[in-house]
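Report on the following structure.
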Amino acid sequence: MKRVWYIVVVLTLLGVADMHGQQYKYEAGPALGVTGYLGECNNGFLFKHPSVTAGGIFRYNHNSRWAFKANLNYANIRGNSMYDETWYPDGLNYTCSASLIDLGMTAEFNFLNFGAGPAYKKYKPISPYMVAGVGFVFAINNGHNQASFTIPIGIGVKYKFKQRLNLGFEFTMRKEFSDRIDGHSDLFGIKHSFAKNTDWYSFAMFTATYEFGKRCIKCNYIE
């Protein structure tokens, strides 16, 4: 039992020490990409009706493995059911064109020790990562507003282009709760629930961020 506690303590101390491996705590920058949509007006290929999305991100680097990020994006989703092999009971075709304001709070786990530093610390200038969190979306569709909570989840890769400049690409899917961001719901006559919610949207985003907020060298024991 004492050996188990010893291992736990050592791992904890190593995690705390690694927390200060990165020289800067924060980074921020723009994001640009395309939006995909799945719902009543498009249940086929995700990017059948792509739209441009733009925004910004703010990231707190807890250590070389973990980071926490906030994002704010403006996007559009478009769709037309006449291009799908779906026949609704009323025999009508449905279209949508909505503007989205997306806010997200996510956690990132780097698969490699991302960062720059002495060779013995084995930092890598590039790392894939996974991301998940919670979010909120506000949709405007033909003058009708709809707000909903979301669950963003996805994968990405980040690359340290220069000492304080990072480039990245991230793909995320957003599961939203209302089933109404496209202005349509229950077209098959079946009342929707979270499990049967048909509205999803996605972001494929390129990012460029600049690091700032230098850590205190003396108090954090950076070599």
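Holding the Cα-Cα limit at 23 Å, pick out from K124/K175; K48/K69; K160/K214; K25/K122 the pairs that are longer than that.
Over 23 Å Cα-Cα: K124/K175; K48/K69.
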Plugging the Cβ-Cβ distance of F177 and A70 into 1/(1 + (r/R0)^6) at R0 = 25 Å yields, to the nearest 0.05, a FRET efficiency of 0.80
The long-range amide H neighbours of C41, using H built 1.01 Å from N in the peptide plane and a cut-off of under 5 Å, are none
Provide F203, F111 ordered by accessible surface of protein heavy atoms (probe 1.4 Å), highest first. F111, F203
Using only alpha carbon pairs under 8 Å that are at least six residues apart, calculate the relative contact order of the stretch 26-83 and give it in whole percent. 39 percent
Listed residues S97, S51 arranged by accessible area, highest first, probe 1.4 Å: S97, S51
For Y37, Y159, Y120, give the ranking by accessible area with the largest first, probe 1.4 Å. Y120, Y159, Y37
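Taking only protein heavy atoms into account and a 1.4 Å probe, give the accessible area per residue of the stretch 36-177 in Å².
Values: 7230 Å² over 142 residues.
Here the per-residue accessible area is 51 Å².
The values are calculated or read from the model by the stated rules, or taken from the named source; none is laboratory data. All values reported here derive from a predicted model rather than from experimental measurement. Reconstructed Cβ throughout: ideal geometry from the backbone, glycine too, with neighbour counts over all protein chains shown. The accessibility values were calculated without ligands, DNA or RNA, using every heavy atom of the protein model including side chains. Shrake-Rupley method; radii C 1.70, N 1.55, O 1.52, S 1.80 Å.
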